[in-house]
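Here's the structure, in structure tokens; my notes come after.
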Amino acid sequence: MNLDLALPLLLLVAIAGGLAGSLTGLGGAVVVIPALVILFGVPIPEAIGTGAVTILATSSAAGAAYVRDRLSDLRIGMFLEVATVPGALVGATLTVLLTHADLEDGLLVALGLVLLLVVPGSVARRHEELPGPVTPDARSRSFGLSGSYRDQVLGRDVPYQAESTSPALGVMFGAGVVSGMFGIGAGVFKVLALERYLRLPMKVATATSNFMIGVTAAAGAGILFAAGFVNPLIAAPVALGTAGGAFVGSRLLPRLTNQTVRLVFIPFIVILAVETILRGFGLP
Amino acid sequence: MTNPPVPTLPDAEYRWISSLLRGGLVISLLLMTGALAVYAVLHPGLTLSAAIATNPILQFLGLSGLAAGLARGDPAAYLTLGLIALVATPILRVVSGFYYFRRGHERGMEAITIVVIVLLLFGLLVLGPLVR
């Protein structure tokens with residue numbers, strides 16, 4: 001395919017990725033990576049490298065809006081990065097080693113399975129608008145892991161306080177490993193940790209995940225850059241499209257209910273998981 | 001005796017970090033858009049598969065290679081610089097958080113942000129070149 005023809009298509013895919021990524025806190029790479037491999041024939045290592053760039057663009061574009069609107073919680077995000085960053089360093093190193101051992105198809109199947117694991121929990125909480133009462137642990141109280149946001153749909157300020165910080169830190173380390181390995185934001189796990197363990201409202205969880213994924217991706221990006229997995233001719237148009245899609249998504253999120261955000265989140269994961277597993281097994 | 005309540009981060013800090021993220025992104029996108037346009041003009045008829053095969057970032061992985069590429073106006077070097085700006089933006093955001101918590105004498109959060117900065121630099125400067 002000629003680059004003149006491919007560039008507009010790449011931009012369209014990236015806009016869809018940025019829009020979905022910013023709305024769900026996923027980062028958008030879960031849309032972009034399979035599309036690059038399946039539609040454009042981009043090799044898996046370079047698709048993973050481009051995925052990291054996608055996340056960086058989504059995180060900065062959507063993060064700027066969510067932070068300004070106080071929808072992202074800066075303190076909770078920065079607190080949890082102490083777990084995601086070392087995870088990302090481990091994950092990116094693993095990916096380079098697995099690729100050198102020609103285990104790329106295995107990587108795809110593993111990514112698909114990892115995505116499917118998240119679905120049952122999200123389905124179980126599909127009718128929950130706001131979390132119930134929480135019992136903050138000592139770490140949550142001493143670090144001040146609490147806040148409030150203005151919910152435009154409910155028309156009131158919604159206070160929240162984090163609980164269960166230990167399991168959340170564990171899940172965040174795993175999210176970092178997955179992010180570094182697959183070039184995705186691993187927002188599915190970050191949202192899971194923020195919503196299910198810390199018990200934050202869904203919109204705060206997705207906005208804080210969006211804010212955090214940039215740092216996790218930056219940690220893995222250095223290794224992916226050095227390994228030659230980032231091709232700027234592919235990554236640059238994808239970054240441009242993703243930033244545009246994320247900008248639109250960040251304008252939409254405050255107007256949606258928490259239940260709607262979750263309903264957007266679930267089918268995306270299922271479709272991408274199945275698509276990725278089939279691809280890993282060499283099926284179209 | 002109970003600890004004093006931890007202060008909520010002020011609006012000014014939220015606005016500053018929002019501006020930092022937006023500024024870094026805009027610089028990065030401007031660099032990449034301009035460089036991509038020049039690259040397309042200089043390489044008419046380039047196919048996607050050829051673009052994949054000739055990954056131009058490989059010659060700019062070192063600082064001297066990147067500086068030389070920028071000096072001779074190579075659009076691929078400017079594309080790489082745009083990507084570096086994109087990676088640097090969230091790192092600068094962590095550094096900004098560190099200074100905020102340092103000013104507020106929040107030792108716990110200050111320690112956490114410094115650990116994150118050290119790990120990020122370790123990944124970029126040590127682990128990256130090692131796995132290459």
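The values are calculated or read from the model by the stated rules, or taken from the named source; none is laboratory data. Everything numeric in this text was worked out from a predicted model, so none of it was measured. With ideal geometry, Cβ positions are generated from the backbone for all residues, glycine too; neighbour counts draw on all protein chains shown.
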The condition of being more than 10 Å from every other protein chain (Cβ to nearest Cβ), among the small types (Gly, Ala, Ser) and farther than 16 Å from A:Ala239 by Cα holds, among B:Gly45, B:Gly97, B:Gly108, B:Gly69, only for B:Gly69
Based on what the data block shows, is B:Ile114 farther than 30 Å from B:Thr8 by Cβ, more than 7 Å from chain A (Cβ to nearest Cβ), under 18 Å from the mean Cα position of the chain (by Cα) and not charged (D, E, K, R)? no
When both residues are 6+ apart or on different chains and their Cβ atoms are under 9 Å apart, which pairs have a first residue that lies in region B:59-81 and is farther than 20 Å from B:Ala40 by Cα, and a second that is at pLDDT 90 or above and outside any helix (DSSP H, G or I)? B:Ala68/B:Asp74
Conditions first: (1) more than 10 Å from every other protein chain (Cβ to nearest Cβ); (2) on the phi < 0 side of the Ramachandran plot; (3) touching a residue at least 60 places away in the same chain (Cβ under 8 Å); (4) within 19 Å of the chain's Cα centre (by Cα). A:Ala35 passes all but one, so which condition is the exception? (3)
For region A:1-87, please list each of the helices (runs of 4 or more DSSP H) lying entirely inside it that holds at least 1 residues being among the polar types (S, T, N, Q) and modelled with pLDDT of 85 or more. A:44-68
B:Met109 versus (1) surrounded by fewer than 20 Cβ atoms within 10 Å (Cβ to Cβ); (2) among the hydrophobic types (A, V, I, L, M, F, W, C); (3) closer than 24 Å to B:Asp11 by Cα: which is the lone unmet condition? (1)
Test: residue in region B:37-54 that is of a type in the set (Val, Ile, Thr), modelled with pLDDT under 90 and surrounded by 14 or more Cβ atoms within 10 Å (Cβ to Cβ): yes
Return yes when B:Thr80 is among the hydroxyl-bearing types (Ser, Thr, Tyr), buried (at least 19 other Cβ atoms within 10 Å of the Cβ) and at the interface with chain A (Cβ under 10 Å from one of its Cβ atoms) and no when it is not. yes
Criterion (under 21 Å from the mean Cα position of the chain (by Cα) and within 11 Å of another protein chain (Cβ to nearest Cβ)) met by exactly one of A:Gly77, A:Gly144, A:Gly112: A:Gly77
Any chance region B:61-69 includes a residue that's part of a helix (DSSP H, G or I), aliphatic (A, V, I, L, M), surrounded by fewer than 17 Cβ atoms within 10 Å (Cβ to Cβ) and at pLDDT below 90? yes
Looking at region A:50-74, which of its residues are more than 15 Å from A:Val238 (Cα to Cα) and either facing another protein chain (nearest Cβ under 7 Å) or of a type in the set (Ser, Thr, Tyr) (or both)? A:Gly63, A:Ala64, A:Tyr66, A:Val67, A:Arg68, A:Arg70, A:Ser72, A:Leu74
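From A:Val153, A:Val90, A:Val123, A:Val109, grab the single residue that is part of a loop (DSSP other than H, G, I, E, B) and in contact (Cβ under 8 Å) with a residue 40 or more places away in the chain.
The conditions single out A:Val153.
Which of the following residues is within 14 Å of chain B (Cβ to nearest Cβ) and farther than 16 Å from B:Ala51 by Cα: A:Ala47, A:Ala20, A:Ala29? Write out each step before concluding.
Working: A:Ala47 fails: farther than 16 Å from B:Ala51 by Cα; A:Ala20 fails: within 14 Å of chain B (Cβ to nearest Cβ).
Being within 14 Å of chain B (Cβ to nearest Cβ) and farther than 16 Å from B:Ala51 by Cα holds for just one of A:Ala47, A:Ala20, A:Ala29, which is A:Ala29.
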Log entry, pairs with first residue in region A:260-284 being outside any helix (DSSP H, G or I), second being not hydrophobic (A, V, I, L, M, F, W, C), beta carbons closer than 9 Å, six or more apart or on different chains, reads A:Phe281/A:Asp105; A:Gly282/A:Asp105
